[in-house]
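Below is one structure, written out as structure tokens; comments come after it.
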Amino acid sequence: MRKEKTPVRVGSVVVGGNAPVSVQAMTKTDTRDFEATLAQICSLVKEGAEIIRVAIPDEESCRVLRRLKREVEVPLVADVHFAPKLGFKALEAGADKIRVNPGNIGGKNALLELAKEARRRGAAIRIGVNSGSVEREILARHGRPSAEAMVESALGHVRFLEDHGVDGIVISLKSSSAWETVRAYRLIHEKTSWPLHVGVTEAGPGLSGVVKSAAGIGTLLAEGIGDTVRVSLSAPPEEEVKVARDILQSLELRTFGPDVIACPTCSRCQVQDLPDVAIRVKKALEGVREPLKVAVMGCPVNGPGEAREADVGIACGREGGILFRRGEARGRVKREEMVEALLALCREEIEARRRGDAR
Ligand code: SF4
């Protein structure tokens, strides 16, 4: 059960309260390149990103941010480091939220002034503490940038802002260790009512980055911790959005589209290229938003049961497969016709749902 946090508005999206856990992304283009950044934002929105952060390294980026704000509806977050002046300019350009690392923004007063300006303009502020930016005296007390040290650092800044009447805060505590991340968020979850932006930072490339993110973010979400999610991988940002969505959908917190289940194959498998069949089906269903469950099963052991349970399924045998829709057998198909026949049934199911005929 998710413990409700104080709702914070980021443009048109609410983070916290009883809002669904939102998917965030960050652009990887040079922000100063307007065309490239706009194209990437559009691509991320298409993929399912609901809040998008852009790095603001200089004044030219602020000018581009203003142009981007005119072109897109998705809330934009300005990521500002070292120069509070850029934060002011980004807010003036229309940023819906400002992300600051309090360890590098030029001291407490600079942080407070920027936070006040954000609130004056109706923008939210994210206090994003990284394990690498914990203050020296806190580090000295804890010996290392542990979860406890990150929490102490973040809470110190948040309490300071609260004491000066600042609200609209979102907190993140990022470590590249999934386990330290989990410990840190568990601790801070108990101590604050502000919504939490969760993620494992710099999770790395390929499968190991995906697994690390899923382990860290998934553990937290399963415990009801986290109001908005960003996956950070050494990969195109669209991949990050896909992974974030898959984590949320796996935990049944959100549904973004079809869930394709497929047997892992074993010596009983009667279709040599079953993984390929499953991949082709999944790819063909990309872009579909209806939450149908599709089963691609390789033999008569678990196949018919799983295929029957799913909205649409196929249980393969030596010569082909038996199709199912909503638990009813819908005939046999030859091997070479399996993918198309299964997709035709998926389309039938999607049409039925669009007409309001849900299972
Ligand atoms: S469904 Fe059949 S082929 Fe697939 S893993 Fe299970 S027993 Fe093996």
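Can you tell me the orientation of helix 108-120 relative to the chain, as the angle in degrees between its alpha-carbon axis and the longest Cα principal axis, to the nearest 10?
Once rounded, the angle reads 60 degrees.
For segment 87-242, calculate the relative contact order in percent as a whole number, restricting contacts to Cα pairs under 8 Å that are 6 or more residues apart.
18 percent
Expressed as a whole number of Å, what is the distance separating the alpha-carbon centroids of segment 269-299 and segment 322-359?
Measuring centre to centre over Cα atoms gives 12 Å.
Could you tell me what percent of the DSSP beta bridges with both partners in the chain are antiparallel, to the nearest 5? Kindly include the intermediate steps, with their values, before the conclusion.
Details: 13 of 47 bridges.
Around 30 percent of the beta bridges assigned by DSSP in the chain are antiparallel ones.
For the chain, what does -39500 (n - 2.57) per DSSP helix run (n ≥ 4), summed and divided by total residues, give at 222 nm, in deg cm²/dmol to the nearest 500? It would help to have the intermediate numbers written out before the result.
Details: 12 runs with 153 residues, N = 359.
Mean residue ellipticity at 222 nm (helix-derived): -13500 deg cm²/dmol.
If R₀ is 45 angstrom, what is the calculated FRET efficiency for the pair E35 and R326, using the beta carbon separation as r and rounding to 0.05? Could the numbers behind the result be given before it?
Working: r = 47 Å, r/R0 = 1.03.
Between E35 and R326 the formula returns 0.45.
Using alpha carbons only, how many degrees (0 to 90, rounded to 10) separate the axis of helix 338-354 from the longest principal axis of the chain?
60 degrees
Rounded to whole Hz and in sequence order, give me ³J(HN,Hα) for segment 212-225 from the Karplus expression 6.51 cos²θ - 1.76 cosθ + 1.60, θ = phi - 60°, writing x for Gly and Pro.
4, 5, 5, 5, x, 5, x, 4, 5, 4, 5, 8, x, 10
Which residues does a label at K3 reach in segment 216-232, if reach means a backbone N under 16 Å from a point 7 Å past the Cα toward the Cβ?
Residues 220-228 qualify, since their backbone N sits under 16 Å from the label point.
What does the charge dipole of segment 259-354 about its Cα centre add up to, to the nearest 20 debye, if the Cβ of each Lys and Arg holds +1 and the Cβ of each Asp and Glu holds -1?
Details: 17 positive and 16 negative charges, 17 e Å.
In total the dipole reaches around 80 debye.
Give me the extension gain from R347 to E252: residue separation times 0.36 nm, minus the current Cα-Cα distance, reported in nm with one decimal. Don't skip to the end; give the middle numbers.
Numbers: separation 95, 0.36 × 95 = 34.20 nm, distance 2.31 nm.
Full-extension gain reported as 31.9 nm.
Placing +1 at every Lys and Arg Cβ and -1 at every Asp and Glu Cβ, with all other atoms neutral, what dipole size does the chain have around its Cα centre, in debye to the nearest 20? Display every interim value, and only then the final one.
Working: 55 positive and 50 negative charges, 83 e Å.
Result for the chain is approximately 400 debye, rounded to the nearest 20.
Could you tell me how many degrees, from 0 to 90 and to the nearest 10, lie between the Cα long axis of helix 237-250 and the main elongation axis, the longest principal axis, of the Cα atoms of the chain?
The answer is roughly 70 degrees.
Using alpha-carbon pairs under 8 Å, 6+ residues apart, how would you state the relative contact order of segment 164-304 in percent? Numbers along the way, then the final one.
Values: 199 pairs, mean separation 25.3, N = 141.
Reported relative contact order: 18 percent.
For segment 128-139, in order, what is each residue's ³J(HN,Hα) by Karplus, 6.51 cos²θ - 1.76 cosθ + 1.60 with θ = phi - 60°, in whole Hz (x at glycine and Pro)?
x, 8, 10, 4, x, 10, 6, 4, 4, 5, 6, 4
Straight-line reach from K89: which lysines have a Cα under 30 Å away, not including same-chain ones fewer than 8 places off?
Correct list for K89: K5, K28, K46, K69, K97, K108, K116, K174.
May I ask you to evaluate 6.51 cos²θ - 1.76 cosθ + 1.60, the Karplus curve with θ = phi - 60°, for each residue of segment 49-64 and list the ³J(HN,Hα) values in order in whole Hz, giving x for glycine and proline?
Once rounded to whole Hz, the list reads 5, 10, 9, 10, 9, 10, 6, 10, x, 7, 5, 4, 4, 5, 5, 5.
Relative contact order for the chain: what percent, with Cα pairs under 8 Å and sequence separation of 6 or more?
Values: 734 pairs, mean separation 43.7, N = 359.
That works out to 12 percent.
When H142, H189 are ordered from fewest to most other Cβ atoms inside 10 Å of their Cβ, what list results?
Details: H142 17, H189 20.
Least crowded to most crowded, the residues run H142, H189.
Tell me, in nm to one decimal, what length is gained between K46 and L139 on full extension, where the rule is 0.36 nm per residue of separation less the Cα-Cα distance? The partial results should precede the final answer.
Details: separation 93, 0.36 × 93 = 33.48 nm, distance 4.18 nm.
Contour length minus Cα-Cα distance gives 29.3 nm.
Among V182, A315, G331, pick out the residue whose Cα is farthest towards the positive end of the charge dipole of the chain, where Lys and Arg carry +1 and Asp and Glu carry -1 on C-beta, about the Cα centre.
V182
Given a Förster distance of 30 angstrom, what is the FRET efficiency for N302 paired with R355, based on the Cβ-Cβ distance and rounded to 0.05?
Working: r = 32 Å, r/R0 = 1.06.
It comes out at approximately 0.40.
Ranked by Cβ crowding within 10 angstrom, fewest neighbours first, how are T192, T31 ordered?
Numbers: T192 19, T31 22.
Fewest to most other Cβ atoms nearby, the residues stand as T192, T31.
Which of F34, L65, L114 sits farthest toward the positive end of the charge dipole of segment 8-250, with +1 on the Cβ of Lys and Arg and -1 on the Cβ of Asp and Glu?
L114
Take E190, E240 and order them by how many other Cβ atoms sit within 10 Å, fewest up front. Walk me through the intermediate numbers first.
Numbers: E190 10, E240 29.
By the 10 Å Cβ count, ascending, the order reads E190, E240.
Only the coordinates and a few stated rules stand behind these numbers; no lab work does. Keep in mind that what you see is a predicted model, and the values were worked out from it rather than measured. So basically every Cβ, Gly included, is an ideal-geometry build from the backbone, and we count neighbours across all protein chains shown.
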